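A short worksheet on the structure shown next.
The values are calculated or read from the model by the stated rules, or taken from the named source; none is laboratory data. Worth saying up front: this structure is predicted, and the values here are computed from it rather than measured. Backbone-built Cβ (ideal geometry, glycine too); neighbour counts: all protein chains shown. Accessible surface areas use protein heavy atoms only, side chains included; no ligands, DNA or RNA. Shrake-Rupley method; radii C 1.70, N 1.55, O 1.52, S 1.80 Å.
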Amino acid sequence: MPSHTPEPFRYEGGSVDPGETEHFRFEVSEAYVSDPIRVPITVINGEEGGSTAFLTVAVHGNELNGIDVLRRVVDDLDHDDLAGTLVCVHVVNVPGSNVQERAVPAEDDLNRSFPGSEDGTTSERIARQVYANFIEPCDFGIDFHTSTGGRTNVIHARGDLDDPEASRLAHAFGTNLIVDGAGPPNSLRRAATEAGTPTIVVEMGEANRFQDEVIEDGVRGVQNVLAEFELRPADAVEWPGWRSIVDPDKREWLRADAGGIVDMDVSNADPVREGEFLCTIRNPFDRELTDVEAPFAGILFSRLENPVVYPGSPLCHIAAVDDSTLRIVETTRGAR
Ligand SMILES: [Zn+2]
């Protein structure tokens, strides 16, 4: 249970008292030239006691939209108006971010390295520092991601809906689509949820850029979660209009059966019917066209942005939804 007595937020080497906001850098590793590698962090500790929540961004170093979500959340939030503590890790994977890559350079995926280890790989040691100081002490959290390079996602939450608090988080964030599942072994969200800090992932947009339309939805989602968990006044929770839980067995990446250049005829968040035309793969002479159709009805959930494909390259990702949801989506603008 979260404490309702205001308490300092403590981490190795420091603390932030109630009624204070601190921006600081926390050392997680060392570069080749022995300089410290430090992670930028903001802790906003409210005047009043309440839950402690974390927001993490760029565990994958080139997944940037969440950076702007946190910047706007931190700009907007005063400790005088907060009941509880918000811990913001603005960039987790600083080495990857420096070279605009997903992974820590020459290392394993940082998001398969949690909860980390003091005597493990470089990624596991970085994970351990972040986890022990800024995730484990929290009651719940949100880890922001985007699609990998060359693709883009509809904004959606992912969480283990069998965990009541993770489910509450995923629903409160307020996206139309929620993907149910525990997540990959040793991912931040799975490690944290299994250890008692329920955590969801929010996937939003494309790597290597800022996209205003999903960033605004991300900020609204954080505000919804802060309201639901009573860090902020509760009248701010916003219902997304419609919602569908995506069954992991009922979503599918459609893959190219030919190499070539893709002309995509559908956009993310579009509702599609079974048999609907989605895209054409062209060869350089504009002949031997290969048309791709939807194998089942659903919402276009993710699609490629880089138009060149090999046979087997992913084209677009469809999540099945029930017929009544599909009709609602068809009469509105799509998924948000
Ligand atoms: Zn990611």
When only residues in the stretch 12-28 that are open to solvent by less than 30 Å² (accessible area, probe 1.4 Å) and either closer than 14 Å to Ile126 by Cα or among the polar types (S, T, N, Q) (or both) count, which is nearest to the ligand (Cβ to nearest atom)? Val28
Output yes when any residue across the stretch 42-54 is under 23 Å from Arg220 (Cα atoms), modelled with pLDDT under 95 and surrounded by 20 or more Cβ atoms within 10 Å (Cβ to Cβ), and no when none is. no
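So in the stretch 228-239, with the set limited to residues that are surrounded by fewer than 18 Cβ atoms within 10 Å (Cβ to Cβ) and not β-branched (Val, Ile, Thr), which one is modelled with the lowest pLDDT?
Checking each candidate, the answer is Ala236.
Can you work out which of the residues in the stretch 60-78 that are of a type outside the set (Asp, Glu) and away from the ligand (no atom under 16 Å from the Cβ) is most open to solvent (accessible area, probe 1.4 Å)? Show your work before the answer.
To start, the set of residues in the stretch 60-78 that are of a type outside the set (Asp, Glu) comprises 60-62, 64-67, 69-74, 77.
Still in the running and away from the ligand (no atom under 16 Å from the Cβ): 71-74, 77.
Details: Arg71: 115, Arg72: 66, Val73: 10, Val74: 21, Leu77: 21 Å².
Filtering first and then ranking leaves Arg71.
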Got a number for residues in the stretch 110-135 being assigned to a helix (DSSP H, G or I) and farther than 23 Å from Gly14 by Cα? 5
Verdict on Ile37 being touching a His at 6+ places or on another chain (Cβ under 8 Å) and in the same structural domain as Gln129 (by TED's automatic domain parsing): no
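Picking from Pro115, Pro105, which residue would you name as being assigned by TED's automatic domain parsing to the domain that holds Ile41, at pLDDT below 95, surrounded by fewer than 21 Cβ atoms within 10 Å (Cβ to Cβ) and away from the ligand (no atom under 13 Å from the Cβ)?
Within the list Pro115, Pro105, the selection yields Pro105.
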When you scan the stretch 150-164, do you find a residue that is surrounded by fewer than 19 Cβ atoms within 10 Å (Cβ to Cβ), within 15 Å of the ligand (Cβ to nearest atom) and farther than 22 Å from Arg220 by Cα, even just one? yes
Criterion violated by Thr152 - all others in (1) modelled with pLDDT under 95; (2) closer than 28 Å to Gly49 by Cα satisfied: (2)
Please return the ranges of strands (runs of 3 or more DSSP E) entirely within the stretch 241-328 where 3 or more residues are touching a residue at least 24 places away in the same chain (Cβ under 8 Å) and open to solvent by less than 20 Å² (accessible area, probe 1.4 Å). 277-282, 298-304, 314-319
Being open to solvent by 10 Å² or more (accessible area, probe 1.4 Å) and of a type in the set (Gly, Ala, Ser) is the filter here, so list the residues in the stretch 175-192 that pass it. Gly181, Ala182, Gly183, Ala191
Identify, by number, the condition in (1) within 14 Å of the ligand (Cβ to nearest atom); (2) out of contact with any Phe, Trp or Tyr (no Cβ under 6 Å at 6 or more places or on another chain) that Asn186 doesn't meet. (2)
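One line per residue, one yes/no per condition, for (1) more than 14 Å from the chain's Cα centre (by Cα); (2) within 23 Å of Gly141 (Cα to Cα):
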{"site": "Arg189", "(1), (2)": "no, yes"}
{"site": "Thr197", "(1), (2)": "yes, yes"}
{"site": "Ile215", "(1), (2)": "no, yes"}
{"site": "Gly218", "(1), (2)": "no, yes"}
{"site": "Ala234", "(1), (2)": "yes, yes"}
{"site": "Leu254", "(1), (2)": "yes, no"}
{"site": "Val266", "(1), (2)": "yes, no"}
{"site": "Ala269", "(1), (2)": "yes, no"}
Please enumerate the residues belonging to the stretch 18-32 that are over 18 Å from Phe54 (Cβ atoms) and among the acidic types (Asp, Glu). Glu27, Glu30
Scan of the stretch 61-78 for residues that are small (Gly, Ala, Ser) and in a helix (DSSP H, G or I), ordered by number: Gly66
What number of residues within the stretch 79-100 satisfy the criterion of being assigned to a loop (DSSP other than H, G, I, E, B) and surrounded by fewer than 18 Cβ atoms within 10 Å (Cβ to Cβ)? 2
